[in-house]
Amino acid sequence: MYLESLNYIIDKAKGMDVECFVTSNRRILTRFANSYIHQNVSVDELELSIRVILDGKTGKVSINQLSKDVLDSSLKRAVEIAKITPPDPEYFGLPTPVPVTLKRGYFQKIEPEILAREVKEFINATDNLNASGALEVNNITMAIANSNGISIEDNLSIVSLEAVVQDGDSSGYVYAMEESLEDINFVSLAKIASDKARKGHNPIEISPGYYTVVLEPQAVGTLISFLGLMGFGAKQFEEKRSFLVGKLGEKITSEVINIWDYPSHPKAISLPFDFEGLPRKDVVLIDRGVAKNLVYDFKYAKKAGKESTGNALPQPNTDGPLPFNLTLLPGSSSLEEMINSTKRGILVTRFHYTNIVDPIKTIITGMTRDGTFLIEDGEITTPVKNMRFTQSILDALNSVEFIGRELFRAGEHFIFPTLVPALKIDRFQFTGVTR
C-alpha cells in the first residue's frame, strides 16, 4: 500500500544511505462522560519519515503527504539537513534484509456508529451509575524501506475500552484490549466496574506501612511496564543507566518470576518487525529470577557484536532499544485463591499518577485508584481510602507469593500491550494516604 511511495524515494536517492518509513492509522474513537457520549469520530492519520545519511551525518524530515512533489522536496530537504549536521562517529550503516514472517492482520472495518452502540450497551449495563471512558479502534499500518534492500509492510488492529464507573464518591475501573471488537464483553466489564463502585462507599483510612497486597492485572501492568523502561535496553546498559549494570547472570527477583519480551506469544499484539524493518525476536529477560539478556537494535547489536533482537525505535533516538511486548509469565493461582490465602492485606485494582523515583533502584511512586479494599481472613471486607505507594519494583518481585494463571493485556504499556497476571506480594510499601 505504501511501499511504492517509499521505494520511489529510495530510487531518487541512489548513492546515499536512505531509510523511509510510514505509519498510518485509521483511528475510530468514542468518548463518554456522565453516561453520555460526547465525542464519536473517525480520523485518518499518516506520517512518513525520510532519513538520509551522508558521511555519517543524518538529516531527517517527517511529512504527512505522499504526492511526488512533496516526496521530492522532502528528500531534498533531508539532504540539506544532513550536510550541516555533525557526523555520528558510531554510525554503523543501515541493516540489510532479514526474513520476516508477516502477520497480515485484518482491519476492523467499523464505523463510529457501531462503537457508539457498544458504548451504549456498556452504559446501560451499569444500571444507572455514572460511566466515563473511551472505546477506541486503531487500524495501524507500518511500512519500511531502505537503500540496502529492506522493503516490508504489515498491519494490525487494536481495540481498547477504558472506563470508570462512579457511584457517588466511589468508583470502579475496567480495561480491555483485543484485536477484534467482538472479543470485548461490554456487559461483563460494566458489571465488574459497577460492582466495585457500589462496594466502595465509606472507605476507611489505614496507616502507611508495609502490607501484603493482591494486585489485579492492571496494577501489575504498571510495575512491569515501568521496569521495562528502566534497564533492559542495551543503550541504557552501556551508559550505566540500567538497574542491570553488574547484575546480568545474577538473581534479582524471586525465582518464580519469568519476564520475556515475547512478541510471538499467542496473546501478544505486535507487528512482526521493528522500526528498522528487522524481525521481532522473543528475548528472555529474567529467567527464574535471574537477569539473562538485554534487547538490541541494529546499532547497539553492532557495538556489542550481537544480532538485533528487533527492538529499534525510530532512528535516530535518545532512548535506544526498548522491550515492546513485555510479558510476565503466568503461574498457577487464581485471584480468589490469592485473596483466600491472605490473613490481612490490601486488594489493589490499579495505580495511577505513577512516576520513576530512582531507575537504578527501580523505585516508583504513585497512587491506588478505583477499587482499593481491605482483605481480612481471606475475604474482601472494607473499602480503603486511596494510598500513595513508594516501592522498588525488584523488591516487590522478590516478595511474590502467588502468580495468577491467566494473562491480561494491561492498560499501562509502551508500544504494544504488556501481558501480566495478578500477583500476591508479601511486602509492599505504602507511604501516605489521601484525606
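So here's what we get for this one:
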| item | result |
| --- | --- |
| Matching strands (runs of 3 or more DSSP E) fully within the stretch 346-435 where at least 2 residues are crowded, with 21+ Cβ neighbours inside 10 Å | 363-376, 387-392, 400-403, 423-433 |
| One residue from Leu407, Leu397 being within 24 Å of Glu250 (Cβ to Cβ) and at pLDDT 95 or above | Leu397 |
| Output for the stretch 206-240, where each listed residue is under 12 Å from the mean Cα position of the chain (by Cα), closer than 17 Å to Val357 by Cα and buried (at least 19 other Cβ atoms within 10 Å of the Cβ) | Thr222, Leu223, Ile224, Ser225, Phe226, Leu227, Gly228 |
| Filter result (within 17 Å of Pro217 (Cα to Cα), buried (at least 21 other Cβ atoms within 10 Å of the Cβ) and among the β-branched types (Val, Ile, Thr)) within the stretch 165-191 | Val174 |
| Filter result for the condition that a residue is surrounded by 23 or more Cβ atoms within 10 Å (Cβ to Cβ), of a type outside the set (A, V, I, L, M, F, W, C) and within 20 Å of Lys424 (Cβ to Cβ), over Thr309, Thr342 | Thr342 |
| Leading residue by the ranking (nearest to Arg427 (Cα to Cα)) among those in the stretch 242-290 that are within 22 Å of the chain's Cα centre (by Cα), of a type in the set (S, T, N, Q) and crowded, with 17+ Cβ neighbours inside 10 Å | Thr253 |
| Some residue of the stretch 112-121 being within 30 Å of Leu189 (Cβ to Cβ), among the aliphatic types (A, V, I, L, M), crowded, with 17+ Cβ neighbours inside 10 Å and not assigned by TED's automatic domain parsing to the domain that holds Asp282 | yes |
| Subset of the stretch 296-342 [outside any loop (DSSP other than H, G, I, E, B) and touching a helix residue (DSSP H, G or I) at 6+ places or on another chain (Cβ under 7 Å)] | Tyr300, Ala304, Leu326, Leu328 |
| Inter-residue pairs, beta-carbon under 9 Å, first assigned to a loop (DSSP other than H, G, I, E, B) and in the stretch 247-261, second among the polar types (S, T, N, Q) and surrounded by 22 or more Cβ atoms within 10 Å (Cβ to Cβ), 6+ apart | Asn258/Thr327 |
| Residue satisfying all of: in the stretch 200-246; of a type in the set (D, E, K, R) and over 22 Å from Leu313 (Cα atoms); modelled with the highest pLDDT among these | Glu216 |
| Residue check for Asp55: within 26 Å of the chain's Cα centre (by Cα), more than 19 Å from Gly277 (Cα to Cα) and assigned by TED's automatic domain parsing to the domain that holds Ser180 | no |
| Single condition Ser333 does not satisfy, out of (1) closer than 30 Å to Ser49 by Cα; (2) small (Gly, Ala, Ser); (3) touching a strand residue (DSSP E or B) at 6+ places or on another chain (Cβ under 7 Å) | (1) |
| Only one of Leu66, Leu75 that is buried (at least 18 other Cβ atoms within 10 Å of the Cβ), touching a strand residue (DSSP E or B) at 6+ places or on another chain (Cβ under 8 Å) and not in a strand (DSSP E or B) | Leu75 |
| Odd one out for Ser341 among (1) hydroxyl-bearing (Ser, Thr, Tyr); (2) over 29 Å from the mean Cα position of the chain (by Cα); (3) closer than 17 Å to Arg435 by Cα | (3) |
| Qualifying residue in the stretch 341-357 (condition: β-branched (Val, Ile, Thr) and modelled with pLDDT under 95) | no |
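The values are calculated or read from the model by the stated rules, or taken from the named source; none is laboratory data. None of the values given here were measured: they were computed from a predicted structure. Cβ coordinates were reconstructed from backbone atoms using ideal geometry, including for glycine residues, and neighbour counts include every protein chain displayed.
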